[in-house]
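Note sheet for the following structure.
Derivation of every value follows stated rules applied to the coordinates shown; laboratory data play no part. Nothing here was measured: the structure is a model prediction, and the numbers come from that model. So basically every Cβ, Gly included, is an ideal-geometry build from the backbone, and we count neighbours across all protein chains shown.
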Amino acid sequence: MDVAKLQSALEGMGEKPYRLTQAKDAVFRQLVSHWNEATALPPALREKLNATIPISEFEVVRESESERGDTCKAALKLTDGNLIETVLMRHSNGRNTVCVSSQAGCPMACTFCATGTMGLKRNLTTSEIVAQVLHFSRQLAAKGERVTNMVMMGMGEPMHNYDNVMAAIRILNDQKGLALGARHMSISTCGIVAGIHRMADEPLQVNLAVSLHAPNDELRTRLMPVNRAYPLAKLMPAIDAYIAKTGRKVMFEYLLIDGLNDTPAVITELAVLLKKPLYHLNLIKYHTTGAFVSTGRDRRTEILDYMKKAFVSVTHRITFGEDIDAACGQLANKHSKTEVV
Ligand code: SF4
């Protein structure tokens, strides 16, 4: 739900301002999925809202739950037929994180990523981004729980849909709505320098994550074509400028790929690059999408230990949903070839 559009729809219908408060309460607090359930509103207004600005903007095509029961992936069909995927990860400490898509498909063509093979279909609207969080908010509310975190790490490059992404974040953060704390929301970019500069000027303290995956240009360009436009000589100073302006930590995502970016020489180079205050390295198990092979468990542990000894701030990300293709780099609807219009 795009609150600005809801407000203008209500104004266009000649409604008093308090109707906006009631409508927002229905969508974000009572978590209704259809205006007919918003009983604080008069029936005639509910009908008009259904016709003008419906709450549900997609049909749930499929939902898969991981064997461990901690991950749920939803395939959502948008009103124009495009398919997106969104994932709920339930942590053992009570955190419930939704991994949100910002685009249908993605133009960035990172070679390790299933979404990158789809190409870009289109940017998602603010409303479609918010709707992904609302979808899982409703499911969790039925169990007495709520969404606590949001990461923009699903399909798409968020910096290429910046305005809609930030508008969605402001709606999710609204204290009279879902009230998701800004520090509990993260935007992950493949390294769009202009977007990093824009984020540095945002008043909201949303986290920045950067997909790094290689410590030198030769290897990074091989993995991520975006590195031609934004090589490390441009990317790293932009990140430093972001840190200088915001004082906030930046997370570097690093998928470990066997024999490619996990060799002793590359790992030494990575440690040198990332040993800096407010840099944090997040090592991630690579989930095979056909292109490469995952680094084995022992080597991943070795790399983690090496980084700690080299005084690099580091963690190893817990894997969610590998068995349902919901893990990092695996989102790309397997039925997209037949279902995407
Ligand atoms: S990793 Fe992100 S930016 Fe790269 S192709 Fe996949 S979705 Fe796009």
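Residue-normalised convex hull volume from the C-alpha trace of the range 1-158: 124 Å³ per residue.
Rounded to the nearest 0.05, the FRET efficiency derived from the C-beta distance between Glu67 and Asp258 at R0 = 30 Å is 0.75. Calculated FRET efficiency, Thr288 and Ala51, Cβ-Cβ r, R0 51 Å, to nearest 0.05? Once rounded, the FRET efficiency stands at 0.65. The alpha-carbon of Lys121 sits under 19 angstrom from the alpha-carbons of these aspartates and glutamates, leaving out residues fewer than 8 places away in its chain: Glu57, Glu59, Asp80, Glu85, Glu157, Asp163, Glu339. Multiplying each eigenvalue of the alpha-carbon gyration tensor of the range 205-274 by 5 and taking the square root yields semi-axes of 22, 13, 11 Å, largest first, rounded to whole angstroms.
What FRET efficiency comes out for Glu302 versus Ala194 if R0 is 41 angstrom and r is the Cβ-Cβ distance? Round to the nearest 0.05. That pair, Glu302 with Ala194, gives E of 0.65.
When shorter helices are ignored and each DSSP H run of at least 4 residues is given -39500 (n - 2.57), the per-residue value for the chain at 222 nm works out to -10000 deg cm²/dmol. Given +1 on the Cβ of Lys and Arg, -1 on the Cβ of Asp and Glu, and no further charges, what dipole in debye does the range 58-339 carry about its Cα centre, rounded to the nearest 20? Approximately 540 debye in magnitude.
Sorted on the mean count of surrounding Cβ atoms within 10 Å across their residues, most packed first, peptides 56-65, 188-197 read 188-197, 56-65.
Normalised size of the chain, defined as Cα radius of gyration per 2.2 N^0.38 Å with N residues, equals 1.02. Beyond 19 Å, the tail of the calculated P(r) for the range 1-55 holds 9 percent of the Cα pairs.
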